[in-house]
Each structure stands twice: as C-alpha cells, then as structure tokens.
Amino acid sequence: MTDGHLFNNISLGGRGGTNPGQLKIHAGGILWKKLGGGKAVEVDKSDILGVTWMKVPRTNQLGVRIKDGLYYKFTGFRDQDVASLTNFFMNNFGITPEEKQLSVSGHNWGEVDLNGNMLTFVVGSKQAFEVSLADVSQTQLQGKNDVILEFHVDDTTGANEKDSLMEISFHIPNSNTKFVGDENRP
Amino acid sequence: GDNRAAAKASTDLIAYKNVNDLSLPKDLMIQIDQKNEAVLLPIYGSMVPFHVATIRTVSSQQDTNRNCFIRIIFNVPGTPFNPHDANSLKNQGAIYLKEVSFRSKDPRHISEVVQLIKTLRRQVMARESERAERAT
C-alpha cells in the first residue's frame, strides 16, 4: 500500500474500556472504525498536535493529541509497526513521535501532569495512568489537602469493562509546592 | 509500633519490574495478582497495578438499585496510624493517589476482590513487619 498503513486489530481506549476496530493511517490523517460499525474517529493531519508511543503489556500504544485538547489512544501495534509508523509520521505529517514509558512499580505516589484535557499520574517519571478531565462531572476539595474527581456515569459504551471508575482522589501534602495557590484543579 | 515499621518497609516494595511482567486479562475488571502482590485496576482501558502494601482499606457496598460499589483507600502520609515515615519525607512534594471507587456489574466478583485484597494485604504486612523487626 502506497497511501498509508492499515491495521485490522487496533483498540481505541477510553472512559468505558476498549473497543476493537480498524485503523487506517494515511497521508491525510488517521481514521479508526469500530469493529461492526458504530463509532468512528477521524483526525485530519493538520489537527494533530503530537503523537506518542508507549510500550504496554505485550503490545504498543499510540497516543494522538489533537488541537481541541482531545487525546486518542490506540493499542495493538507490533514493534515493527512502531518503527514503520514512526517513519511515516515523520515523512508525511512532519511529526516526530515522543516515547513515553509506563510505570508498573505499583506505587501510589508521584506527580500529576495536566496537558490539554488529560490528567496524567506520573510515578518515577513514567506514566502510571491517565484520565480525561472531559469526563469529570464534579471536582471537590476535601479538607485542605484532598481533591476528588467524580466521573460521569457512562452506560453508552458497549465496551468490555466490568468495573467502571466512578471517583478518584488525590492527596496533595503541604510539602507540595507545584500547585500552591491554584484552587481550581489539582 | 508495628504499623510504623510495616509502613516504612512496605514503601520500598515494587509490584512489577517490567511492563511485560503484567498478565493481560480478557476482561477489564479489578484483578488480584497474588504472585506479584498487586491489585490491578481498570482505568481508561488499561490495567493499572498497585502494590497491595500501598492499600490501607478496601470496602464494598450495594445500593437499592442493586448497583455494587467498591472503594479502595491508599496509604497517604500524615494520617492516623500512618505517620510521616522515612519514605514520605524522601518523597517530599509528591502527590498521592488517595482513593478510587468503582461501580461493578458483578457483586460476587466484588466481594471476592475485597476478600482477596484483605487476605493478601494481611499476609504482606505481617511478613514486612516481621522483616522490619528482625532488622532492628
């Protein structure tokens, strides 16, 4: 194929779990279609702010950050796909993918990074998990040091998720100086 | 006391060394990895591991609509029975994940998860406080 790359088994991850589908990466952008129809994601190459690669258990994850703050995560790439797509992104989109690392240490302390709509919990300079603030229905401050994020109840996705995240809270000790004076968000 | 010693030792524990050490589940649901002493939580389509020693309490409840909820509270510094230890001083400036709540479609699975976490946590804490005592 001269006009890009086609992958038949790529999952889109999100709030409700993951959905399998087909991903086409072509000169004009990225197109993902859910297996069996329904949801589709279409991203024009001019809307792409950046792409990331991350090694996840047994496979690789592609992150695509776009101009409106959204961030798509596609999982299911082999190591050789990473190499060929990295070339493709550089040659066709003029974008050099960044490499991210996944934290699997199991620690519950780290840093919180805010980027676009995404809140990332970073442990030892590796990513432990990410949540989208677009899905947060309410934030609460509890006491002086705790921030609670409540997520929308989402019944619409036919995803493979049995247990759904409802609420998450962070403890920000007084010794943390990064977020002093910001009373809106952690 | 014991709590302090255990908390101090446990914070050095690591669930996995490598990304590929994680087993890949069929379904996205809370899982316990006894061998690696880890609790795996489905967050945004990924299984996120936490060492069982970072967990302080776990509980479940059911509402009138038969929805089942599970709440996991993690150790954070400066709370009763978990005083500032060598580790929290070392991690000055760190932000802690304090609590997560999940809604589940399967009450039986949740009560099993709660039991497994409690048992595993008890075993690991006993082992760690024994180890700390031997070291002193």
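Under a model in which nothing but the beta-carbon of Lys, Arg (+1) and Asp, Glu (-1) is charged, the protein assembly as shown shows a dipole of about 580 debye around its Cα centre. Residue exposure proxy: A:MET54, A:MET90, B:MET29, ordered by other Cβ atoms within 10 angstrom of their Cβ from fewest to most, comes out as A:MET90, A:MET54, B:MET29. Counting charges near A:ILE66 (Lys, Arg +1; Asp, Glu -1) among other residues having Cβ under 14 Å from its Cβ returns a value of 0. Simple rule: put +1 on each Lys or Arg Cβ and -1 on each Asp or Glu Cβ in chain A, find the dipole, and look at A:PHE93, A:SER132, A:LEU12; the Cα lying farthest toward the positive end is A:PHE93. Label point of A:ALA134 set 7 angstrom out along Cα-Cβ; within region A:46-60, amide nitrogens under 18 Å from it belong to A:46-52. Extension gain for A:LYS34-A:ARG58 works out to 6.5 nm (0.36 nm per residue, less the C-alpha to C-alpha distance). If you look at the Cα atoms of the protein assembly as shown, you get an Rg and a Dmax of 20.5, 68 Å.
Taking the Cα centre of chain A as origin and assigning +1 to Lys and Arg Cβ atoms and -1 to Asp and Glu Cβ atoms, the resulting dipole is close to 480 debye. Taking the Cα centre of region A:111-171 as origin and assigning +1 to Lys and Arg Cβ atoms and -1 to Asp and Glu Cβ atoms, the resulting dipole is close to 220 debye. For region A:26-129, what percent of Cα pairs sit more than 21 Å apart? Result for the distance tail: 40 percent.
All other residues whose Cβ lies under 14 angstrom from that of A:MET90 are scored, Lys and Arg at +1 and Asp and Glu at -1, for a net of -1.
Values quoted throughout were computed directly from the atomic coordinates according to the rules given, and no laboratory measurement underlies them. On a predicted model such as this, the values are computed, not experimentally measured, just so you know. A quick note on method: Cβ atoms are made from the backbone with ideal geometry, for glycine too, and the neighbour counts reach across all protein chains shown.
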